[in-house]
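Structure first, commentary second.
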Amino acid sequence: MAVGVLALQGSFNEHIAALKRVGVKGVQIRKPEQLQSVSALIIPGGESTTMAKLAEYHNLFPALREFVKMGKPVWGTCAGLIFLAEKAIGQKTGGQELIGGLDCTVHRNFFGSQIQSFEAEIPIPEIAAKEGGPPSFRGVFIRAPGILEVGPEVQVLADVPAPSTVGSLEDNAGPEKKVIVAVRQGNLLATAFHPELTADTRWHSYFLKMVNETSEEASSSTSLSSEE
Ligand code: GLN
């Protein structure tokens, strides 16, 4: 099994290293045709407007949207989450192209700018139930986005109290509220933080289980149709 990692900009090398730690080969993806050789894709963190410009330059958007529509597993971390969202708001979002598919509204810089980056222990009940280990995960939040709204098919995997320091940002959820930082919707996984920058590989293992489930479903539907 090979997992593609969009390698236009951002932390793609770190994802490839994390995949190696869980025994899987990560393949750098820079051109649309390269997507045909992988069964799943990770879109790393970085800077979503720069990444969007590069994706446009390489004519990647149609192939990326097709990949999502085909039901192939795709995991977006941070800028990757923004890329997958149906709607992004917040500073300098105007006109930025998105892949879409993930039924949510994301605030691009919900947790503030670079100097407001932080690490926090976040509860991860679903991941801990499936992957074992401690009930929380060290989340690395770098100019992190927050998920403000999700559609009915979106499963919330992690949320955190919305910090009061972002009170000046538009659409702030407010200090007493929670903001969503990890979700799953069918073949799509998205995290506002950077699991590839920690030694804890449980999110990568969780994603690989999604990949295995999808390929099992695909092969059983092929064998069903060949029996018809
Ligand atoms: N907020 C950043 C953006 O808009 C994402 C930051 C990240 O990926 N670490 O692209």
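Below, the figures for the structure above:
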read-out	value
Residue within the range 12-27 that is over 21 Å from G101 (Cβ atoms), within 16 Å of the ligand (Cβ to nearest atom) and surrounded by fewer than 17 Cβ atoms within 10 Å (Cβ to Cβ) present	yes
Index of the failed condition, C104 passing every other in (1) within 13 Å of the ligand (Cβ to nearest atom); (2) closer than 17 Å to Q185 by Cβ	(1)
Leading residue by the ranking (nearest to the ligand (Cβ to nearest atom)) among those in the range 63-86 that are within 18 Å of P44 (Cα to Cα) and charged (D, E, K, R)	E86
Single unsatisfied condition, L54 versus (1) hydrophobic (A, V, I, L, M, F, W, C); (2) within 21 Å of H15 (Cα to Cα); (3) surrounded by fewer than 20 Cβ atoms within 10 Å (Cβ to Cβ); (4) more than 16 Å from the ligand (Cβ to nearest atom)	(4)
Considering residues of the range 115-157 that are hydrophobic (A, V, I, L, M, F, W, C) and touching a His at 6+ places or on another chain (Cβ under 6 Å) only, the residue farthest from T201 (Cα to Cα)	L148
The one condition in (1) modelled with pLDDT of 95 or more; (2) more than 25 Å from K72 (Cα to Cα); (3) surrounded by fewer than 20 Cβ atoms within 10 Å (Cβ to Cβ) that Q91 fails to fulfil	(1)
Residue in the range 133-153 that is outside any loop (DSSP other than H, G, I, E, B), basic (K, R), within 21 Å of A199 (Cβ to Cβ) and within 16 Å of the ligand (Cβ to nearest atom) present	yes
Residues of the range 187-203 classified as buried (at least 24 other Cβ atoms within 10 Å of the Cβ) and in a helix (DSSP H, G or I), total	3
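The values are calculated or read from the model by the stated rules, or taken from the named source; none is laboratory data. Given the structure is predicted, the values throughout are model-derived calculations rather than measurements. Don't worry about glycine lacking a Cβ; one is built from the backbone with ideal geometry, like all the others, and counts go over all protein chains shown.
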